[in-house]
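The next block holds one structure in the form of structure tokens; read it before the comments.
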Amino acid sequence: MDIDRNGVVWMPLASGHFASFDRRKCKGPLNGPTATGNHCPEGWTLYPFPGPQLSNVRAAGSAEASYYAWVDQHNTLGLGANVPIATGNANEGLLALVDGKFVILRVPYPLGFYAKGMDGRIDDPNAGWKGRGIWTTTGNRTPFHLEGGKGTRPKVVHLQLRPDPLAR
């Protein structure tokens, strides 16, 4: 899980949701003798991940099994400050939640993309999109099961977003 600059916590759930918890929405007591158990359900918001739900499951959600969440607090990718991003292993990319809708950052790698973490860097704040981006790894606990077979190694991927397709 990660936290944004407003104190909102973001985390992927096994139910196929990206969840946020905002303590500012809580109505009841948050500490003291009466703050026991389920005392802030109104603080939670669930966003179903993109993709189909598991077979025979009627509840909202997705079959997406996200592993990790990171919040782009400083707009290193270019989607805005405080954009939460989850790994999207079933989507073979990263899942950024922008204004309540998912932007899928699919990695055009022919051998599958299984992100296990990410972090952002601004190397040159004056270089525009070229001086910033996020870094992520792709790998599997059993790399010999990936396409490429025995000897296939995990990789590091640098993602940058151009402001338009022709930007140089």
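In the stretch 74-96 there is no residue matching the filter, namely being charged (D, E, K, R), touching a Pro at 6+ places or on another chain (Cβ under 9 Å) and under 20 Å from Thr138 (Cα atoms). For the stretch 88-100, taking the residues that are in a loop (DSSP other than H, G, I, E, B) and under 16 Å from Ser15 (Cα atoms), the one that is most open to solvent (accessible area, probe 1.4 Å) is identified as Ala90. Among the conditions (1) open to solvent by 30 Å² or more (accessible area, probe 1.4 Å); (2) part of a loop (DSSP other than H, G, I, E, B); (3) over 21 Å from Leu13 (Cβ atoms); (4) at pLDDT 90 or above, the only one that Ala63 does not satisfy is (3). Within the stretch 89-121, the set of residues being small (Gly, Ala, Ser) and over 23 Å from Pro163 (Cα atoms) comprises Ala90, Gly112, Ala115, Gly117. A search for C-beta distances below 6 Å between a residue of the stretch 1-28 that is more than 21 Å from Ser62 (Cα to Cα) and in contact (Cβ under 8 Å) with a residue 12 or more places away in the chain and any residue that is of a type in the set (S, T, N, Q) and surrounded by 14 or more Cβ atoms within 10 Å (Cβ to Cβ), counting only pairs 6+ apart in sequence or on different chains, returns Asp4/Asn82; Arg5/Gln73; Arg5/Asn82; Val8/Ser20.
Might you let me know whether the stretch 78-87 holds any residue that is surrounded by 14 or more Cβ atoms within 10 Å (Cβ to Cβ), without any contact (Cβ under 8 Å) to a residue 24 or more places away in the chain and part of a loop (DSSP other than H, G, I, E, B)?
Of the residues in the stretch 78-87, the ones surrounded by 14 or more Cβ atoms within 10 Å (Cβ to Cβ) are 78-79, 82-87.
From the residues that got through so far, the ones that are without any contact (Cβ under 8 Å) to a residue 24 or more places away in the chain too are 83.
Now drop any that are not part of a loop (DSSP other than H, G, I, E, B), which leaves none.
No, the stretch 78-87 contains no residue that is surrounded by 14 or more Cβ atoms within 10 Å (Cβ to Cβ), without any contact (Cβ under 8 Å) to a residue 24 or more places away in the chain and part of a loop (DSSP other than H, G, I, E, B).
The values are calculated or read from the model by the stated rules, or taken from the named source; none is laboratory data. Here the structure is a predicted model, which is why all the values come from computation and not from measurement. Because the Cβ atoms are built from the backbone with ideal geometry, glycine has one as well, and the counts that use them run over all protein chains shown. These area figures cover heavy atoms from the full protein model, side chains too; ligands, DNA and RNA do not enter into them. Shrake-Rupley method; radii C 1.70, N 1.55, O 1.52, S 1.80 Å.
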